[in-house]
Amino acid sequence: MLRRRDLLKRGVIGGSAAYLAWRFPSLMPPARAGRLEPFSLPLPIPPVLQPVRRDASGDFYELTMKSGRAQLRDGAATEIWGYDGIWPGPTIRATRGRPTHVRATNLMSRDVNIHNHGHKVPVESDGGPLDVIHPGESRAYVYPNDQNASTYWYHDHTMGNAESIYRGMAGFYLITDPAEDALNLPSGEYDIPLMIQDRTLDGENRLTYGLNEKTIEEGTLGDTLFVNGVAMPHMEVANRKYRFRFLGAANRRTLGLRLGDGDPMIVIGSDGGLLEAPVSLSALPIFNGERWDVVIDFSGYPVGSSVVLHNTRGTELGLSFPPLLPDVMRFDIVRSEPDPSDVPSQLASVERLQPDDAVKTRRFVLEWTDGHWTINGRIYDPARIDAYPVLGTTETWEFENRSDQIHDLHLHLVQFQQLLGPDGQLPPPYRSGWKDTKRILPHIMESIIVPFDGYTGVYVFHCHMLEHAEHMMMGQFEVVGPEGPGASATQPNSSFVCPLPTSTRYG
């Protein structure tokens, strides 16, 4: 299989579209019925799921997994897979310290589950890749919500999740906190979740998804950007501050967000909660699985004007494709309103962890080995544990990327902090908060510092480029107590068989 360095030697990258179409047919967008006009449909806001009951033990919800039909762009409705049959699924709003109980019922013809991405939960509610809900069955998840208020998201995490998320199986999970509410940030109708994904529709508005050796290696890329399940929508806003909760939920594509000609966006939070102080940026990269809470102040735009949110990121390191998809969405300033909200100079107290806090350092090598993406030269084996951190301790994890591609690493259970960036320096202020997903650039080693608290049990860590994770770029760690390894309540299933196409199945 040709690698990026081989293409460079042959003078292909940036040169011959015809060669790319021949060599990488899965990455070339299919023919469409006509040019899609941007900003033709309004932005939908996912509905907030209402509890079926509340009592002293928490809030109780019912959620189904089923197919549905959605208006993704002009023309025919599209068949999707979704939680409650919609894309994105309904938003769950929880309160810090008050448990959430979700009874999930699978009405689909395939195994699915729920992984609450970024959550500190007991292993039986983590929704790992083998903990599935079979068709026609139900199960209960319990989320203690004993963690920072922030923007989280839930999605399918079975070994077929690359296609299921592509077809709509993802939704927002927001934890709120009275202490955060007291900051007087934009709230209510001015607090908007935005799930950004790239997808491809054919001429009949059907989602197209293909899995082959090339997409397993490089991931699936779409030819249109969708926000909250609609292609390049528009949103009517007042000339005041809004809080936007950006989620990069693509299978593979990285985004670079720019407002207008580089107008300021104020970053107030990352994956695991508020930053210590707001950070003004003119451009914001969003990687796969990342969330950023951003305040945009529209008071400087006259009523009747519009401003476009652009994507400035196209070709990436290690990938000769994709093309730039420049249009994300458009904001139309349609009315004048008073604005009582604020963005204080001090948002939260974030304790910076130091290397000396770590009791152990582990290194994980990310590379292409014998035709497969691997961690330390190994593919995912549910019968193998790759690390045994002790509950209540802190470790340093180093990730060395020996490949030509980028990898976005996600750890279940924990939030961590970045220690060193690719240049050996501390992260920029907007990346200095709590994270659960970290980008590792090609031929670079980066380190994070991870406190292991909450629960014992077996959890996974993996690349969040979905085709990479689904096809075995995944490892396991078992958080152990004083009794040592092997005492977890949930043990791996050693009968697992990798669900790869025949041509790429491991022997």
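The values are calculated or read from the model by the stated rules, or taken from the named source; none is laboratory data. Fair warning: this is a prediction, and the values are worked out from it, not measured in the lab. When we count neighbours, we look across all protein chains shown, and the Cβ atoms used for this are built from the backbone with ideal geometry, even at glycine.
The table below gives the values:
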item: Sole residue being in contact with a Ser or Thr (Cβ under 8 Å, 6 or more places away or on another chain), under 26 Å from Gln405 (Cα atoms) and either in a strand (DSSP E or B) or not assigned by TED's automatic domain parsing to the domain that holds Gly68 (or both), chosen from Gly210, Gly171; result: Gly210
item: Residue match in the stretch 244-254 (condition: in a strand (DSSP E or B), among the charged types (D, E, K, R) and over 17 Å from the mean Cα position of the chain (by Cα)); result: no
item: Test: Thr215 is crowded, with 23+ Cβ neighbours inside 10 Å and touching a residue at least 24 places away in the same chain (Cβ under 8 Å); result: no
item: Gly424 at pLDDT below 95, surrounded by fewer than 17 Cβ atoms within 10 Å (Cβ to Cβ) and at positive phi; result: yes
item: The stretch 111-127, residues that are part of a loop (DSSP other than H, G, I, E, B) and either among the aliphatic types (A, V, I, L, M) or surrounded by fewer than 23 Cβ atoms within 10 Å (Cβ to Cβ) (or both); result: Asp111, Ile114, Lys120, Val121, Pro122
item: Condition broken by Ala162, with the remaining ones in (1) in a loop (DSSP other than H, G, I, E, B); (2) within 13 Å of the chain's Cα centre (by Cα) satisfied; result: (1)
item: Scope the stretch 90-107; condition surrounded by 17 or more Cβ atoms within 10 Å (Cβ to Cβ) and touching a Pro at 6+ places or on another chain (Cβ under 6 Å); matching residues; result: Pro90, Thr91, Asn106
item: Long-range neighbours under 7 Å by Cβ, at least six apart or interchain, first residue more than 21 Å from Glu337 (Cβ to Cβ) within the stretch 178-193, second surrounded by 18 or more Cβ atoms within 10 Å (Cβ to Cβ) and aliphatic (A, V, I, L, M); result: Glu180/Ala149; Glu180/Leu274
